[in-house]
Each structure stands twice: as C-alpha cells, then as structure tokens.
Amino acid sequence: MRVEIWSDIACPWCYVGKARFEKALRAFEHQDAVEVIHRSFELDPNRPKGDTAAVIPMLAQKYGMTEDQAKDAERRLGDNAAAEGLAYRTEGRDHGNTFDMHRLLHFAREQGGQDTQDRLIGAFYRANFAEERSVFDDERLIALAADAGLDADAARAVLADPDAYADAVRADEREAAELGANGVPFFVLDRKFGVSGAQPAEVFTQALEQAWGARSPLTVLADGAADGADGEACGPDGCAVPRA
C-alpha cells in the first residue's frame, strides 16, 4: 500500500501531522507493506529565495492579528507539538522559500529511497521548528543532507543548479491541485482515500485499516498458467512447453 504525503517544511501542522501519522503507522499490523512518499507543496511559492522574515510579524500581518495574538497562536502550536514529543521554538524562528528543500527531498528519494527521504524531511522539520540556526541557508541544507546520509558535494551541486528536480517539485504541486488539495498536510492512501490535516493518530489508524481492507484483488482476464490456456507462461514448476 502506498501513502503519499503532501507537505511543506514551513508548515507547523505538517510537522505535527507527520508525528501523528507515524504513531499510527508504527501500530499498524501491515506497516512493513506500506510505502511512504513525501510530495512537494509550497505554502509561499512566490517568496524569492533569500527573502526571509521573522515568523511572529509575518503571522500577524498575514492573518490580521496583533503580534501578541500571533505569539499565543505559536504557543498553542508548541503545546500540540510537545504532546507528540516534538521540540518547538515558539519565538525567534524565521520563514522563507522552501523550494530548494523540496528539490533536495526529491534528490534524497532518488539516491536513497524512502528511508533517506524520510530522514531528510525529519531533519528539515527539526531544523526549522526546533533549532536556533536558520534552515533557509544553503550551507545549512547541505549539512542536513549529509547528516541524512547524502553526499554533501552532490547536494551542493543540486542547490547550485536551479533546474535540478524543479520539474519534479512542480509536478507534485500540479498533482496536489488535481487531487483537490488546497492545504497541507494532505495524505493520500492508495489513490483511493484522502486525509486532510494533522488528524489525531486514531484517525490515521482508521484510514490505514480502511485503505488496507479496500485493496481489490487482481482480476485476471487471461491466465497463461491455467490448463488449456493459449498464453504460455513460466511458474514455480517450470515453463510451458511449446505446443506442436
């Protein structure tokens, strides 16, 4: 079974939602048969690279609230993160363009598969939400990529080429729009079921069980291994002998 997760590193609910989903997945009987793919979604795609801003004033301006209200909102998010065992800095964080991070996540999956991609997105989340040094810095991203098991020079080459994996990021974003995802996190299970938002772990458990139970057995239209079938095939007992 495949689970695709559209998310953005700048999204605090994606950070929390990932932890809740993983809690459900760890308890899922068939977890070893679940493939998880992280897909790209940018919350602020028009922000130029290098243009960073402090999170609290950004939130106040974006949502029409005072800075004190924005701080209260961040503290509530911090409480939600803490409930999942996640560190969260409620003040002093910055916000910027995440396109390069998404490009590196595609690079990570190509180089090391699901586990490497998952380690890298986890490192990005921790760096952005829990650590003091800004994640919106190329050298910081390269160091995080290396910590996730990627070659630092190869990661640097990806960042130096603005076209590297850019099409893959844009394809993910187009697909999100086609699926009706206008916010993140957005979880798609076997392209049959969607879960929107950082739902409680119990909701993800129900979704996993429902998606697993809904898997349809393959309908075989022609069986070459069946007696009397015209389509020859090979099986555990050997191969069909050509007929005269």
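The values are calculated or read from the model by the stated rules, or taken from the named source; none is laboratory data. Small disclaimer: the values here were computed from a predicted structure and weren't measured. Counting neighbours? That spans all protein chains shown, and the Cβs are built from the backbone with ideal geometry, glycine included. Just the protein is used for accessible areas: all its heavy atoms, side chains included, with ligands, DNA and RNA removed. Shrake-Rupley method; radii C 1.70, N 1.55, O 1.52, S 1.80 Å.
Near His38, the amide H atoms lying under 5 Å from its own belong to Ile5; only residues 5 or more places off or on other chains count, and H is placed 1.01 Å from N. Near Val3: Cβ cut-off under 9 Å, other residues only, Lys/Arg at +1 and Asp/Glu at -1. The net charge is -2.
Restricting to Cα pairs below 8 Å that are 6+ residues apart, what does the relative contact order work out to for the chain? Please round to a whole percent. This gives 26 percent for the chain. A value for log10 I(q)/I(0) by the Debye sum over Cα atoms at q = 0.09, 0.11, 0.12, 0.13 Å⁻¹ was derived from the coordinates, and within the list (1) -0.47, -0.65, -0.74, -0.84; (2) -0.56, -0.69, -0.76, -0.85; (3) -0.38, -0.56, -0.67, -0.78 it appears as (1).
For the range 80-182, a crude dipole built from +1 on the beta carbon of Lys and Arg and -1 on the beta carbon of Asp and Glu, taken about the Cα centre, is about 240 debye to the nearest 20. Simple spin-label estimate for Ala152 and Ala82 gives 3.6 nm between the two label positions (7 Å along the Cα-to-Cβ direction from each Cα).
Quick check for me: using +1 on Lys/Arg Cβ and -1 on Asp/Glu Cβ, what's the dipole size of the range 141-220 about its Cα centre, in debye to the nearest 20?
With Lys and Arg at +1 and Asp and Glu at -1, about 360 debye.
Using 17 Å as the cut-off for backbone N distance, which residues of the range 68-93 belong to the label zone defined by a point 7 Å from the Cα of Arg140 along Cα→Cβ? Answer for the range 68-93: 87-93.
Note on Lys192/Asp167: beta-carbon distance plugged into 1/(1 + (r/R0)^6) with R0 of 30 Å gives a FRET efficiency of 0.65. With all protein chains in place and a 1.4 Å probe, the accessible surface of the range 131-222 carries 49 percent carbon and sulfur. Placing +1 on the Cβ of every Lys and Arg and -1 on the Cβ of every Asp and Glu, with no other charges, gives the chain a dipole of roughly 560 debye about its Cα centre.
Rolling a 1.4 Å probe across the protein heavy atoms gives the chain an accessible surface of 54 Å² per residue.
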